[in-house]
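**Q** If you scroll down you'll find the structure; I have some questions about it.
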Amino acid sequence: MIHFNRKKQIYAEMLGCCMALFALTMNGCAINPKPEASPTVASTPTPTVIPAPIETDFHSIQGRAETIGRYTIQENWAAIASFFSKTTRQMHQAEAIMRLYTQAYGEGKVQHMRASSARMDDGHLIGYAFLEGDQGSLEVRMIFNDKLEIENLGYAKIPEKKVMEETDNWQEELFLVGRSPSVQGVLTLPKNVSYPYVALLMPSGLQDEMDASAADATFRKDLAHALADQGIASVRWNMRTYEDPLQIAQDGPSLKRDVMEDFNYVVHHLEKVPVDATHMFYIGHGVSGALGYALVHENFELTKGLVLLDAPYAESGEALYGRYAGIEQDVVSKVSEALEEEQPDIDALYGDLPLWYWKQWHMAGALRYTPRVSMPILILQDEADTTYATQEDFTSWKSQKGHNVTMYAYKEMQENFRNADGEMKTLAEDIGAWLNGDELISAQKEKEAAKKNVKGGKRT
């Protein structure tokens, strides 16, 4: 998570010097004057020593954060409540703080402190305490005012460090993603291929753990392993709303921060790992399939292609979000009307969300980019599963087909593109064939079966 670095140490040292000089001045102690200037040369006035503002006192903020962490270990909620400012104290009585803790950590007990830190973020003074206990790690995040009083506080359980897996065909490596604090990710590398093609795996749930996609807890992990068996590398990672919920709660929703910034980070850092970064491609499941057009358009490095798996179709980005979040159509219609205004009120709420957030989705709408994305596109539909997309969606994508798009609908696939044994071998084989410019293996088999049926006198 957050660690002190040299920069913060320098800040603390500078502050110490400034405060020492200030103390001397206040106590009436004279600072040794410069030698007298020549009578013929005007002397330079000694500059006034201005104390460093409190917001740069990271040492004090860290100390206060550590204190709150220790009171949490002691379950001294009343003591923590006493640190709140007058304006926020009423909402943060001891009982309310205890509820925040139990909501995040359950009935577990934290026993010791692993670390504490502090930083400045968009004008906010932020303190952290990282605790360990019988239910794993716990993050305490505090926002302070310039009097070092708490304005807001939150608890969040820290996801456990991912255990890397390995077989004879592939191995996994930890891949940290995004700005500090980074989120955990996994790079899956095939062992039998030097500098393989690499896929970026995006889930249908924008709050998902790295292995999951919406309700399927192992979708991305199973797909990564199936691709690796085909000699294809991949990267998957925890969505920021999963791993860093306190930051989300503090700053509010942001499609740019929660999805796009981390995605961009991955694209720009794959050159540092043993993959063929000139052959990156995108695989998006559900809503991330529809977002894929915007993401690849903003990242010219993804040249190998775009894969949509059960992607919902929508005429606009706000309509896509409305469908994803289950928001009523009349709200979405009002959003569309507001966005067409010459000077819309970006802070106005629509469905409890500000218009500026809706605008982020509007700008990510697939149909804005379909004419501009010229790379190969593969659109796959699992007809047995209508959780994420329907046959109507698939038909609508056909209308946007273009010249470089391959489409195929699986008729006998199990839920979430799985074979009868629960694996994703068929899906991975088809993606591999498509990457090589070949016809999908499933399509070939379907044609062969149809020919056999005709020869046998069966109806096709």
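Laboratory data are not the source of any read-out in this text; all were calculated from the coordinates shown. Fair warning: this is a prediction, and the values are worked out from it, not measured in the lab. Cβ sites come from the backbone with ideal geometry, for glycine too, and all protein chains shown count toward neighbours.
**Q** In whole Hz, with x marking every Gly and Pro, tabulate ³J(HN,Hα) for segment 227-232 from phi via Karplus 6.51 cos²θ - 1.76 cosθ + 1.60, θ = phi - 60°.
**A** Using θ = phi - 60°, the values come out as 5, 4, 5, 8, x, 10 Hz.
**Q** On to the next question. Quick one: check the C-alpha center-to-center distance for segment 167-188 versus segment 68-107, whole angstrom.
**A** A separation of 35 Å, based on Cα centres.
**Q** To check you understand DSSP bridge types, tell me what percent of the beta bridges within the chain (both residues inside) are antiparallel, rounded to 5.
**A** Bridges in the chain that DSSP calls antiparallel: roughly 65 percent.
**Q** Taking only the alpha-carbon positions of segment 180-321 and ignoring solvent, what does the Debye formula give for the base-10 log of I(q)/I(0) at q = 0.13, 0.18 Å⁻¹?
**A** So the normalised log intensities work out to -0.53, -1.04.
**Q** Compute the helix-to-body angle for 94-105: its Cα long axis versus the longest principal axis of the chain, expressed 0 to 90° and rounded to tens.
**A** The angle comes out near 40 degrees.
**Q** Let me ask something else about it. Could you give the C-alpha radius of gyration of segment 60-103 expressed as a fraction of 2.2 N^0.38 Å, taking N as the number of residues it contains? If you can, show how the numbers build up before the last one.
**A** Numbers: Rg = 10.2 Å, N = 44, 2.2 N^0.38 = 9.3 Å.
Segment 60-103 yields a ratio of 1.10.
**Q** To the nearest 10 degrees, how steep is helix 441-455 against the longest Cα principal axis of the chain, on a 0 to 90 scale?
**A** It works out to around 20 degrees.
**Q** Right, here's the next one. Please work out the Cα convex hull volume for the chain and give it in Å³ per residue. Could the numbers behind the result be given before it?
**A** Values: hull volume 109.7 nm³, N = 460.
Per-residue hull volume (Cα only) is 238 Å³.
**Q** Sort Lys425, Lys147, Lys447, Lys359 so that the residue with the fewest other Cβ atoms within 10 Å of its own Cβ comes first and the one with the most comes last.
**A** Fewest-to-most Cβ neighbours within 10 Å comes out as Lys147, Lys447, Lys425, Lys359.
**Q** Which of Ser234, Ser333, Ser374, Ser254 has the fewest other C-beta atoms within 10 Å, and how do the rest follow up to the most?
**A** Ser374, Ser333, Ser254, Ser234
**Q** Round to a whole angstrom and tell me the spacing of the C-alpha centers of segment 332-396 and segment 399-434.
**A** Result: 24 Å between the Cα centres.
**Q** Could you give the nm distance between label points at Asp276 and Asn76, where each point is 7 Å from its Cα heading toward the beta carbon?
**A** Calculated label separation equals 6.2 nm.
**Q** Report the full-extension gain for the segment Glu166 to Thr387: residue separation times 0.36 nm, less the Cα-Cα distance, to one decimal in nm.
**A** Length difference between fully extended and current span is 76.4 nm.
**Q** Expected output is a single nm value to one decimal: the length gained when fully extending between Ala217 and Glu301, i.e. 0.36 nm times separation in residues minus the C-alpha distance. What is it? Working shown, then result.
**A** Details: separation 84, 0.36 × 84 = 30.24 nm, distance 2.95 nm.
Full extension from Ala217 to Glu301 adds 27.3 nm.
**Q** Defining a contact as two alpha carbons under 8 Å apart and six or more residues distant in sequence, what relative contact order in percent does segment 381-458 show?
**A** Relative contact order here is 24 percent.
**Q** How much length is gained on full extension from Thr102 to Asn419, taking 0.36 nm per residue of separation minus their Cα-Cα distance? Don't skip to the answer; put the middle values down first.
**A** On the way: separation 317, 0.36 × 317 = 114.12 nm, distance 4.11 nm.
Result: 110.0 nm gained on full extension.
**Q** How would Leu200, Leu100 line up from fewest to most surrounding beta-carbon atoms within 10 angstrom?
**A** Ascending number of Cβ neighbours within 10 Å: Leu100, Leu200.
**Q** Which far-off residues, 5 or more places away or on another chain, put their amide H under 5 Å from the one on Gln171, with H placed in the peptide plane?
**A** Under 5 Å from the amide H of Gln171 lie the amide H atoms of Leu189, Lys191, each far enough along the sequence or on another chain.
**Q** Which value, in debye to the nearest 20, describes the size of the charge dipole of the chain about its Cα centre when Lys and Arg Cβ atoms bear +1, Asp and Glu Cβ atoms bear -1, and nothing else is charged?
**A** Rounded to the nearest 20 debye, it is 680 debye.
**Q** Then there's this: Can you give the Rg and Dmax of segment 341-460 based on its C-alpha atoms, in angstrom?
**A** 19.9, 67
**Q** Sticking with this one: Quick check: pseudo-label points 7 Å beyond the Cα along Cα→Cβ at His124 and Trp356, how many nm apart are they?
**A** 1.4
**Q** With each label point set 7 Å from Cα along the Cα-Cβ vector, what nm distance links Ser194 and Met375?
**A** That separation, rounded to one decimal, is 2.5 nm.
**Q** What whole-number value in cubic angstrom gives the convex hull volume per residue for the C-alpha atoms of segment 94-154?
**A** About 91 Å³ per residue, rounded to a whole number.
**Q** What is the list of residues in segment 176-209 whose amide nitrogen lies under 14 Å from a point 7 angstrom out from the Cα of Gln444, following Cα to Cβ?
**A** none
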